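*Asks:* Mind having a look at this structure? Questions to follow.
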Amino acid sequence: MRVILFGAPGAGKGTIAGMLTDKLGIPHIATGDMLRAQVSEGTDLGRKARAYMEAGELVPDDLILEMTRRRLAEADARRGFLLDGFPRTIAQAEALAQMPGGPPDVVIDLQVPEEELVRRLSGRRVCPDCGAIYQVDTMPPRQAGVCDRCGGKLIQRSDDTPEAVRNRLEVYRKQSAPVLGYYRERGLLRSVDGTLGSAAVAEQVAGELSPRGQA
Ligand code: AP5
């Protein structure tokens, strides 16, 4: 099963993918996580991507497409994938159709109003060691600043500053939202209310992926 989890910054793509990846038996492939790993390893790609990411701009397509094509060619992605953060432009959606595995079977749009996105991102904390995601008000760790899963020290992402968040939302409206129309025209788009609690959102997404949901 080839699934795209779509949605604005802060809609919950990473949170929901993390809850479903084991259950579905397909890998969670997040282009943002892959880029952050390149930045922290100081690779050539990481050095080129860093300034775009910190400003909340999209990383140029030539860098993203090669990285994603390689990842989708790995053995575990033959069973399918949960793609998070890709595609973000029509050009990326068109390129995905030509990559290993081909176009998606279904695209799930997590719908969350903008004021809620801003509230979520201003209080997001992430674990740089295991990737767990928290929110200080709604999904806090048991001990402030410490990851429940691995004991790592939680951090705030460098693109969760108010200025970068404003720009990410603007970039989403202008460059990424048109991708919804691209998949709607192809009959692949399903919408889920992303404002519910994370367990309820994950349940609704799983329902859309069941044979009945896709009928
Ligand atoms: P990326 O890492 O993909 O960031 P994003 O799309 O902005 O999405 P986020 O990770 O911010 O949000 P999310 O939807 O995963 O929400 P989360 O689950 O964390 O990309 C970062 C950058 O990399 C881009 O700006 C760009 O520069 C570059 N990039 C990446 N892919 C690219 C591409 N294809 N092309 C070009 N450039 C690319 O949840 C958010 C918060 O809400 C958390 O605190 C969480 O605890 C909380 N939360 C989640 N669900 C709920 C819920 N149901 N109720 C209450 N709180 C919730």
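*Asks:* Please enumerate the residues belonging to region 161-189 that are among the charged types (D, E, K, R) and not in a helix (DSSP H, G or I).
*Replies:* 186
Rundown of residues vs (1) under 24 Å from residue 112 (Cα atoms); (2) touching a Leu at 6+ places or on another chain (Cβ under 7 Å), yes/no style:
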{"position": "2", "(1), (2)": "yes, no"}
{"position": "14", "(1), (2)": "yes, no"}
{"position": "32", "(1), (2)": "yes, no"}
{"position": "37", "(1), (2)": "no, no"}
{"position": "50", "(1), (2)": "no, no"}
{"position": "53", "(1), (2)": "yes, yes"}
{"position": "66", "(1), (2)": "no, no"}
{"position": "70", "(1), (2)": "no, no"}
{"position": "97", "(1), (2)": "no, no"}
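*Asks:* Another one. For residue 62, indicate whether it is more than 8 Å from the ligand (Cβ to nearest atom), of a type in the set (D, E, K, R) and either buried (at least 17 other Cβ atoms within 10 Å of the Cβ) or part of a loop (DSSP other than H, G, I, E, B) (or both).
*Replies:* Values: more than 8 Å from the ligand (Cβ to nearest atom): yes; of a type in the set (D, E, K, R): yes; either buried (at least 17 other Cβ atoms within 10 Å of the Cβ) or part of a loop (DSSP other than H, G, I, E, B) (or both): no.
So residue 62 fails the test.
*Asks:* I want to confirm something. Restricting to region 35-59 and keeping residues that are in a loop (DSSP other than H, G, I, E, B) and over 17 Å from the mean Cα position of the chain (by Cα), which single residue is farthest from residue 96 (Cα to Cα)?
*Replies:* The initial filter retains those residues of region 35-59 that are in a loop (DSSP other than H, G, I, E, B), namely 42-43, 56-59.
Those still in the list that are over 17 Å from the mean Cα position of the chain (by Cα) too: 42-43.
Details: 42: 27, 43: 24 Å.
Per the stated criteria, the residue is 42.
*Asks:* Being buried (at least 19 other Cβ atoms within 10 Å of the Cβ) and within 20 Å of residue 16 (Cβ to Cβ) is the filter here, so list the residues in region 73-95 that pass it.
*Replies:* Those that are buried (at least 19 other Cβ atoms within 10 Å of the Cβ) and within 20 Å of residue 16 (Cβ to Cβ): 81, 82, 83, 84, 85, 86, 87, 88.
*Asks:* So which pairs qualify, if the first residue must be in region 24-53 and without any contact (Cβ under 8 Å) to a residue 40 or more places away in the chain, the second must be assigned to a helix (DSSP H, G or I) and basic (Lys, Arg), the Cβ gap must be under 6 Å, and the two must be at least 6 apart or on different chains?
*Replies:* 39/50
*Asks:* Given the residues 207, 152, 194, which is the only one that is within 12 Å of residue 109 (Cβ to Cβ) and touching a strand residue (DSSP E or B) at 6+ places or on another chain (Cβ under 9 Å)?
*Replies:* Numbers: 207 fails: within 12 Å of residue 109 (Cβ to Cβ); 152 fails: within 12 Å of residue 109 (Cβ to Cβ).
So the residue among 207, 152, 194 that is within 12 Å of residue 109 (Cβ to Cβ) and touching a strand residue (DSSP E or B) at 6+ places or on another chain (Cβ under 9 Å) is 194.
Residue-by-condition table, conditions (1) open to solvent by less than 40 Å² (accessible area, probe 1.4 Å); (2) in contact (Cβ under 8 Å) with a residue 40 or more places away in the chain; (3) more than 9 Å from the ligand (Cβ to nearest atom); (4) in contact with a helix residue (DSSP H, G or I) (Cβ under 8 Å, 6 or more places away or on another chain):
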position: 100; (1), (2), (3), (4): no, no, yes, yes
position: 111; (1), (2), (3), (4): no, yes, yes, no
position: 118; (1), (2), (3), (4): no, yes, yes, yes
position: 125; (1), (2), (3), (4): no, no, no, no
position: 129; (1), (2), (3), (4): no, no, yes, no
position: 141; (1), (2), (3), (4): yes, no, yes, no
position: 144; (1), (2), (3), (4): no, no, yes, no
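*Asks:* Answer yes or no as to whether residue 149 is surrounded by fewer than 16 Cβ atoms within 10 Å (Cβ to Cβ), at pLDDT below 95, of a type outside the set (Val, Ile, Thr) and more than 20 Å from residue 9 (Cα to Cα). Quick ask: steps written out before the conclusion?
*Replies:* Details: surrounded by fewer than 16 Cβ atoms within 10 Å (Cβ to Cβ): yes; at pLDDT below 95: no; of a type outside the set (Val, Ile, Thr): yes; more than 20 Å from residue 9 (Cα to Cα): yes.
Judged against the criteria, residue 149 is not a match.
The values are calculated or read from the model by the stated rules, or taken from the named source; none is laboratory data. It should be emphasised that the depicted structure is a prediction, and the values quoted were computed from it without experimental measurement. Cβ coordinates were reconstructed from backbone atoms using ideal geometry, including for glycine residues, and neighbour counts include every protein chain displayed. Just so you know, the surface numbers come from the protein's heavy atoms only, side chains and all, with ligands and any DNA or RNA stripped out. Shrake-Rupley method; radii C 1.70, N 1.55, O 1.52, S 1.80 Å.
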